[in-house]
Amino acid sequence: MALTNISLPSLDKIASGKVRDLFALPDPSTLLFVSSDRLSAFDVIMKSGIPNKGAILTLLSAHWFRVLTERIPGLRTHFISLDMPPADVVPAAEARAIRNRSMQVRRLRVLKIEAIVRGYLTGSAWKEYQAKGTVHGLAMPPGMRLSQKFPEAIYTPSTKADLGQHDENIHPDDAWKELGDRETARRVQELSLQIYNTAAAYAEERGIIIADTKFEFAKDAAGNIYLVDEVLTPDSSRFWPKDVYEVGRDQDSFDKQFVRNWLIREGLKGKEGVEVPEDICRATEERYKDAFLKLTGKTFEEAAGN
């Protein structure tokens, strides 16, 4: 059964997003980051959830935080621990409800930008390329085909809209206007590309192509930049199976593109209050679990201690 509403009466909820809720902890420098099973697509939250999704995203993000900090010297992340706060902070009954779907993270100032990196020509980038020969206003080589790999990964940021609003694509040269200064924008772009390239190489060795992904960043009081939120999950990325990849067509996927395709097919793209059929939800759960196994080397059940 999907858990779409997170209730922790013992803690103060300070923010609620499409998938995650943030709770204050006694240590003012630390937050509890909890992932629900809520499903969002095209910036709309569905009535249905994906069973186990929150735990899959949490455990996979924790895996990536470890992998990336090992491979990228000096990379800072908000991740502290998967450990549950002590019982006098989060009682046992509440702790059971959020088992495997919560992490303790640093409290930071989130930067108002979606740092998107694309390695392959697909999605909205393909539509723009067909119309104009560009992606986010950046000129691309002529004659490219659907799902073709770019000569090198490209940074295509968007605004970070408030809940219920839509993100808007922005030219990389204009990203500093969202962030307040050019140096922060330069560093976010540099980090985004470095993280993507590192992760893409890791994933390809394990049979997954990361076609594109979205990162979020934050700053501490000293101005240091941290990788935050979820990272390189089936919710924030397009994952394609490498063994059946073929240029010139839409790809099979391990991500929520399966749900997006169903919504488009049913004429429900962008509609509020959609009830996604159980078979679509279960099939999406299995795709998420397949990606988890390929990337971590463990089944979700093994990692979750089930």
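The values are calculated or read from the model by the stated rules, or taken from the named source; none is laboratory data. Just so it is clear, the structure is predicted and the values come from calculations on it, not from any experiment. Heads up, the Cβs are rebuilt from the backbone with ideal geometry, glycines too, and the neighbour counts pull from every protein chain shown. Note: areas computed on protein heavy atoms with side chains; ligands, DNA, RNA excluded. Shrake-Rupley method; radii C 1.70, N 1.55, O 1.52, S 1.80 Å.
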Please tell me if V117 is within 18 Å of L232 (Cβ to Cβ), in contact with a helix residue (DSSP H, G or I) (Cβ under 6 Å, 6 or more places away or on another chain) and open to solvent by less than 80 Å² (accessible area, probe 1.4 Å). yes
Among the residues of the range 166-184, how many are free of Cβ contacts under 8 Å to residues at least 24 places away in the same chain and not in a loop (DSSP other than H, G, I, E, B)? 6
Considering the range 78-89, residues that are crowded, with 19+ Cβ neighbours inside 10 Å and in contact (Cβ under 8 Å) with a residue 60 or more places away in the chain, and then whichever is nearest to V110 (Cα to Cα), we arrive at H78
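Yes/no per residue for (1) farther than 25 Å from K112 by Cβ; (2) surrounded by 15 or more Cβ atoms within 10 Å (Cβ to Cβ); (3) assigned by the TED database to the domain that holds K149:
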{"residue": "R187", "(1), (2), (3)": "no, yes, yes"}
{"residue": "L193", "(1), (2), (3)": "no, yes, yes"}
{"residue": "A200", "(1), (2), (3)": "yes, yes, yes"}
{"residue": "E204", "(1), (2), (3)": "yes, no, yes"}
{"residue": "L227", "(1), (2), (3)": "no, yes, yes"}
{"residue": "P241", "(1), (2), (3)": "yes, yes, yes"}
{"residue": "E246", "(1), (2), (3)": "yes, no, yes"}
Per the filter on the range 5-47, residues among the small types (G, A, S) and under 19 Å from the mean Cα position of the chain (by Cα) are A15, S16, G17, S35, S36, S40, A41
Of all residues in the range 56-77, count the ones that are part of a strand (DSSP E or B) and loosely packed, with under 12 Cβ neighbours inside 10 Å. 0
Residues of the range 49-67 satisfying the condition of being in contact with a Leu (Cβ under 6 Å, 6 or more places away or on another chain) and under 19 Å from C281 (Cβ atoms): G49, I50
Which one of these is within 21 Å of I225 (Cα to Cα) and not assigned by the TED database to the domain that holds A221: I98, I80, I113, I154? I80
Does the range 124-133 contain at least one residue that is assigned by the TED database to the domain that holds E246, buried (at least 19 other Cβ atoms within 10 Å of the Cβ), small (G, A, S) and over 20 Å from K13 (Cβ atoms)? yes
Please work out which one of (1) crowded, with 21+ Cβ neighbours inside 10 Å; (2) within 19 Å of the chain's Cα centre (by Cα); (3) under 22 Å from T299 (Cα atoms) is the condition I98 fails and give its number. (2)
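Mind checking which residues of the range 248-269 are of a type in the set (A, V, I, L, M, F, W, C) and exposed (fewer than 15 other Cβ atoms within 10 Å of the Cβ)?
Once the filter is applied, which keeps residues that are of a type in the set (A, V, I, L, M, F, W, C) and exposed (fewer than 15 other Cβ atoms within 10 Å of the Cβ), the range 248-269 yields only I264.
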Pick from the range 143-165 the residues that are in a strand (DSSP E or B) and touching a His at 6+ places or on another chain (Cβ under 9 Å): which of them is modelled with the lowest pLDDT? S158
